[in-house]
Each structure stands twice: as structure tokens, then as C-alpha cells.
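Notes for the one structure printed next.
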Amino acid sequence: RDLHSFPTRRSSDLRSLAWPRSTSVLVLSTRASSVILCEALIDALTFWCAGYRNVTASYGIEGFTADHLATFKQCGTKRVLIAYDRDEAGDRAADKLAKQLTAEGLDCYRILLPKGSRSRRTGSRTW
């Protein structure tokens, strides 16, 4: 069975959106005002396993789309915690994205992992 054919979860508390560029599903609670935005899906899963439920991925440093922004607004997101890798590319992309999201009226914060690290390698021992 094709992964895209699985039904998405719907209820009054949850909004689900299957991103066309991936087989993953973003699930944000409409009651939560914050979301952790990771660079890669495996990074988001690391946060999920550590107990953080409002987390998603941008599918790369240039992967944040208008669909992400629309979903954040639809779900009432007010604060985005950017958890991109702490390398040169991740730092540059996080700064650029924070400016874009701030211009859209969202509060942005950078989760500072140890320099040069990735959230999937740092794992839940940091959280």
C-alpha cells in the first residue's frame, strides 16, 4: 500500500497535513502555541522520542515552504523554536528563516545545540 494513501488523523484537537514532498505527516495541536522546527525528519523524531510533541521538519536548510507557514498560522502557532544543525549552513539558514518568520508576526528562538552538533547525534541526553 502506498504510504500517501494512509488516512491522516483528524479531530477537533489536531490538524494533520501530509506534505507532498515527503511521506511524513505533520501533527500540531491547535492548543499549543509553540513548535520546534528541525532541519531533517530524523532530527524531529529525536525530539519526539524525548517527549516533545509539537515538532516538525523543514526537510533541509532551504526546505521551509509556504505550506509550513500556512499550517503554523492555521494552528495558531505563535513561537517557532528553530533547531537546525549547529554548523555554518544551519546557523546561516536559521538566521534567514528567523527574519522571515518574524516578518510574518511569529516569535523565533534558536535552540543552541553544542557547536558543530546535530540534534539526532546529541539525542535526548541534552533535553
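Within region 43-81, count every residue that is hydrophobic (A, V, I, L, M, F, W, C) and open to solvent by 90 Å² or more (accessible area, probe 1.4 Å).
2
Being modelled with pLDDT of 90 or more and among the hydroxyl-bearing types (Ser, Thr, Tyr) is the filter here, so list the residues in region 60-89 that pass it.
Result: Thr65, Thr77, Tyr84.
The values are calculated or read from the model by the stated rules, or taken from the named source; none is laboratory data. Bear in mind that the values here come from a model prediction, so they are computed numbers and not experimental data. Surface accessibility is based on the protein's heavy atoms, side chains included, excluding ligands, DNA and RNA. Shrake-Rupley method; radii C 1.70, N 1.55, O 1.52, S 1.80 Å.
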